[in-house]
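Data first, discussion second: the structure below is written as structure tokens.
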Amino acid sequence: MEAGCEIVLGQNFVPVNVTTVDTSADDYWPAISADGHYFATTVSRRREYATQEDLMVFRKDSAEHWYPDSVLTKPLNTSYNEGSPAFSADGRYLFFVASDRRDGLGSCDIYYVIRHGNRWSQPIHAGAPLNTRFWESNPSLSADGRTLFFVSNRPGGKGGMDIWKCRVALQSDGLLRFFDAENLGDSINTAKNEMSPFIHPDNETLYFSSNGHDGVGENDIFVARQNAKGQWQRPVNLGSGINTPGDDAGFVVETGGRYGYFSSNGLEQNGNGREIFKVELPVEVRPRPVVCFEGVVADAETKDPLRAVVEVIDLSTGQKCQSMYADDVTGKFSVCYPVGKKYGLTVTAKSYLFESYELGDSARNTKVLLQKIAKGKKITLRNVYFTFNSWQLQPESMPELKRLGRFLLEYPSLKVVIEGHTDNVGSAGYNQELSEKRAKAVIDFLLTGGIAADRIGFKGFGATRPMVPNDSDANRALNRRTEVEIE
């Protein structure tokens, strides 16, 4: 064993067998979607002279129990072996590993399927450089969709099975492209085997199993975190409450960070081999808190679902954190982000006005109704902020205003009016002047981005057009707004 890894001792770990997902066969490598609606496992059954590995997908019912979903499970399995499932954060992509398929490059290759409503697409081979003629398995996609962690014994590693990562690009047709395979390096990998990586939706906490770091059994579960520079810190062993003298692997953690799921053959000696367990984690080894924003995108008039682009922006830096498509059958989407920062969400679709939201530190579920571009329709710019009692734009407003600028460049024939609104605090004359100056500030920004002056006008309405009664701080905040009307 390699020295130097901390071990969490003395914790009151009490793993509980998740009987609703266990079978009488071997059950291992669990996966849970970030929204908590789906669960998947690998099941290994004895078939005459060999074993057969298959995938099982479960849904959560209203009583918070898992039940098998044959509609989703059936298309995934063949007479060959399938296993090691992993969901994307939005639940629309399911990665898995299959062996000995005709389109495979090696003995085990990584595939994925895309969910459309209540069905999966045909399996899609992930291609090179993710797959090689060597052994690839245990995929795990980061919540931002940009990095896939996996295990391989390809050349260039530290020895045995190593954890690697690939960059991922989402294409306009929904397919994924993988490139730049990279070994995670000495802080994670050893001369022995590192397996079953799971990157939490916080995008900085990695759980994995290893028999090369200090442990108490055959394979132990560890956690490692990235620092501000993106470097992996020294792994921490989760301790004897979870790790046994047997084989403990496949550790995944639900989005809230409180509970983890894993497989073990050393916790219950009942003859069923490996089983799935759930355990509450101590604070020391929990990931950073994450929340999810779930929504459904639909046409505002017909209420038909839309395949829209959903983006999450870090308002403090202007950087795009996530980009995905809403389900083309249901319009559903789900985004996850760490608490403690200011994020904005934008939903766009061709020939529609965009919608934006401020993402807070609590989970939300909303229906996003997109309006067709037409005279008199309005956009509320929910992520445009001004300094108190001023028309000075705050830096967090820039991503939203740039989004508006791109919209106007995309539809060059449109003319718009920027409208400023205030709450009822202060005199009518003061609020009228403030609303006009704030609308003018938005105009000035757009002009610097190349929008022609004859396409954009502005008006101030002061407190004369409230959205809601000015009877609380929350309502007054809603009434202090900037809107865009199509002329």
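Ordering 199, 486, 114, 373 from the fewest to the most neighbouring beta carbons within 10 Å gives 373, 486, 114, 199. Annotation: amide H of residue 26 within the under-5 Å range of 44, sequence separation 5 or more or interchain, hydrogens built in the peptide plane. The relative contact order of the range 23-121 comes to 22 percent, based on Cα pairs under 8 Å that sit 6 or more residues apart.
Among (i) 82, 47, 46; (ii) 76, 54, 42; (iii) 67, 58, 48, which one is Cα extents along the principal axes in Å computed from these coordinates? Correct label, based on the coordinates given: (i). Between the helical axis of 428-448 and the longest alpha-carbon principal axis of the chain there is an angle of about 60 degrees. A P(r) calculated from all alpha carbon pairs of the range 340-476, with 5 Å bins opening at zero, reads 2, 9, 17, 21, 22, 16, 10, 3, 0 percent.
Any chance you could list the semi-axes, whole Å, largest first, of the equivalent ellipsoid that the Cα gyration tensor gives for the range 6-285, using √(5λ)? Walk me through the numbers before you get to the answer.
Working: eigenvalues 125, 106, 72 Å².
Its equivalent ellipsoid spans semi-axes of 25, 23, 19 Å.
Taking a straight line from the alpha carbon of residue 192, these aspartates and glutamates sit under 14 Å away, with near neighbours fewer than eight places off in the same chain left out: 2, 162, 214, 218, 220.
Highest mean first, what order results for 304-311, 407-414, 321-328 on Cβ atoms within 10 Å? Mind dumping the intermediate values first?
Values: 304-311: 18.8, 407-414: 12.8, 321-328: 21.1.
Descending packing order for the listed peptides: 321-328, 304-311, 407-414.
Computed over the chain, the per-residue total of -39500 (n - 2.57) for DSSP H runs of n ≥ 4 gives a 222 nm mean residue ellipticity of -3000 deg cm²/dmol, rounded to 500.
In what order do 164, 391 fall by count of nearby beta-carbon atoms within 10 Å, going from fewest to most? Don't skip to the end; give the middle numbers.
Values: 164 24, 391 18.
With the fewest neighbours first, 164, 391 line up as 391, 164.
Computed from Cα positions, the angle between helix 398-410 and the longest principal axis of the chain comes to roughly 80 degrees.
In the range 155-195, Cα pairs under 8 Å separated by at least six residues give a relative contact order of 53 percent. Under 5 Å between amide hydrogens, built in the peptide plane, is the criterion, and for residue 276 it picks out 18 among residues at least 5 positions away or on other chains.
3J(HN,Hα) couplings calculated from phi for the range 344-357 with the Karplus curve 6.51 cos²θ - 1.76 cosθ + 1.60 (θ = phi - 60°) are, in sequence order, x, 10, 10, 10, 9, 8, 4, 6, 10, 6, 7, 10, 10, 9 Hz; Gly and Pro show x. For the range 289-372, the relative contact order is 39 percent, taking Cα pairs closer than 8 Å that sit 6 or more residues apart in sequence and dividing their mean separation by the residue count. Between residue 102 and residue 50, the C-beta separation translates, for a Förster distance of 25 Å, into a calculated FRET efficiency of about 0.80.
With 22 Å as the limit, the listed pairs 350/402; 378/440; 320/437; 342/372; 372/415; 320/375 have 320/437; 342/372; 320/375 beyond it between alpha carbons.
Whole-Hz Karplus values for the range 130-139 come out as 5, 9, 9, 6, 9, 9, 10, 7, 6, x Hz, taken residue by residue from phi with 6.51 cos²θ - 1.76 cosθ + 1.60 and θ = phi - 60°; glycine and proline positions read x.
Every number here is computed from the coordinates shown, using simple stated rules; none is lab data. In this text, all values refer to a predicted model and were calculated from it rather than measured experimentally. Every residue, glycine among them, receives a Cβ derived from its backbone with ideal geometry; neighbour counts consider all protein chains shown.
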